[in-house]
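Colleague: Can you read through this structure? Questions will come right after.
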Amino acid sequence: MQEMNNIPKLLELAAAARQNAHVPYSHFAVGAAIRSSDGRFYAGCNVENVSYPCGSCAETGAIAAMITGGSREIAEILILGAGKELISPCGACRQRIKEFSSPQTLVHLADAFGVRKTCTVAELLPFAFDEKDLAR
Ligand code: THU
């Protein structure tokens, strides 16, 4: 399962989710798709709000869908945006992704032409705050 190429399916799910993005303020639609370690698939889009800080990222939506669906670990996550620059998850989403990942979890950054970069969660968020920091 780990070796299977899940990119086409993740791209398809992220693109479909992205179509539903609610982005009247930034006009920057994003879709995210997850394959969980138990082999299930989830997706989310960004949902903005007139009170700007109330908006949420596509990654946040996909993670919420995964937790709601009963899965707990991300095996790989694909994030799909458009534009000249390669999409890059915001700092808060890096922390959210890390919470449900292993250091080897794959993060695929994609645009309309496909995956342009893949890295691990450890590369995406080095020196992360985690449970060990809560130890007393
Ligand atoms: N956004 C995401 O959904 N994911 C990212 O990785 C980067 C940014 C959203 C947040 C906001 O709705 C819009 O893109 C512009 O920042």
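Colleague: Taking the alpha-carbon distance from Lys98 and a cut-off under 17 Å, which lysines remain once sequence neighbours fewer than 8 residues away in the same chain are dropped?
Modeller: Lys132
Colleague: Please return the longest stretch of the chain lacking exposed loop sites, where chymotrypsin sites (Phe, Trp or Tyr not before Pro) count only if DSSP places them in a loop and at most 16 other Cβ atoms lie within 10 Å.
Modeller: Result for the longest clean stretch: 29-112.
Colleague: Now for a separate question. Using a Debye calculation, one point per C-alpha and no hydration shell, please list log10 I(q)/I(0) for the chain at q = 0.13, 0.14, 0.21 Å⁻¹ in order.
Modeller: Ignoring solvent entirely, the Cα scatterers give -0.51, -0.59, -1.28.
Colleague: While we're here: Looking at the stretch 1-68, which trypsin sites (Lys or Arg not before Pro) are in a loop (DSSP not H, G, I, E or B) and have at most 15 other Cβ atoms within 10 Å?
Modeller: When the trypsin sites (Lys or Arg not before Pro) of the stretch 1-68 are filtered for loop state and at most 15 Cβ neighbours within 10 Å, Arg40 remain.
Colleague: While we're looking at this one, here's another question. Loop-only check: which GluC sites (Glu not before Pro) in the stretch 1-86 are DSSP coil with at most 16 other Cβ within 10 angstrom? Numbers along the way, then the final one.
Modeller: Values: sites: Glu3, Glu12, Glu48, Glu59, Glu73, Glu76, Glu85; in loops: Glu3, Glu48, Glu73, Glu85.
Counting only loop positions with at most 16 other Cβ atoms within 10 Å, the GluC sites (Glu not before Pro) in the stretch 1-86 are Glu3, Glu73, Glu85.
Colleague: When DSSP assigns beta bridges and you keep just the ones with both residues in the chain, what percent turn out antiparallel, to the nearest 5?
Modeller: Close to 75 percent.
Colleague: Moving to a separate point now. Take the Cα pairs of the stretch 13-77, get the Kirkwood Rh, then feed it into Stokes-Einstein at 4 °C and 1.567 mPa s and tell me D in µm²/s.
Modeller: Roughly 111 µm²/s, to the nearest whole number.
Colleague: Now for a separate question. For every helix of n ≥ 4 consecutive DSSP H residues, a contribution of -39,500 (n - 2.57) applies; sum these over the chain, divide by its total residues, and give [θ] at 222 nm rounded to the nearest 500 deg cm²/dmol.
Modeller: -8000 deg cm²/dmol
Colleague: So, one more: Please find the FRET efficiency linking Ala122 to Glu85, where r is the Cβ-Cβ separation and R0 is fixed at 22 Å, and quote it to the nearest 0.05.
Modeller: It comes to 0.45.
Colleague: Per 0.36 nm of contour for each residue apart, how much would the distance between Asn49 and Ala15 grow if the chain were fully extended, relative to their Cα-Cα spacing?
Modeller: Details: separation 34, 0.36 × 34 = 12.24 nm, distance 2.13 nm.
Once the chain is fully extended between Asn49 and Ala15, it gains 10.1 nm.
Colleague: By how many nm would the segment from Lys132 to Arg40 lengthen if fully extended, with 0.36 nm per residue of separation less the alpha-carbon distance? Write down the numbers at each step before the final one.
Modeller: Working: separation 92, 0.36 × 92 = 33.12 nm, distance 2.89 nm.
Value of the extension gain: 30.2 nm.
Colleague: Checking the cross-link filter: which aspartates and glutamates have an alpha carbon closer than 19 Å to that of Lys117, excluding same-chain neighbours under 8 positions apart?
Modeller: Partners found: Glu3, Glu12, Glu59, Glu76, Glu85.
Laboratory data are not the source of any read-out in this text; all were calculated from the coordinates shown. The structure displayed is predicted, hence computed values, not measured ones. Here the Cβ is made from the backbone with ideal geometry for all residues, glycine too, and neighbour counts use every protein chain on show.
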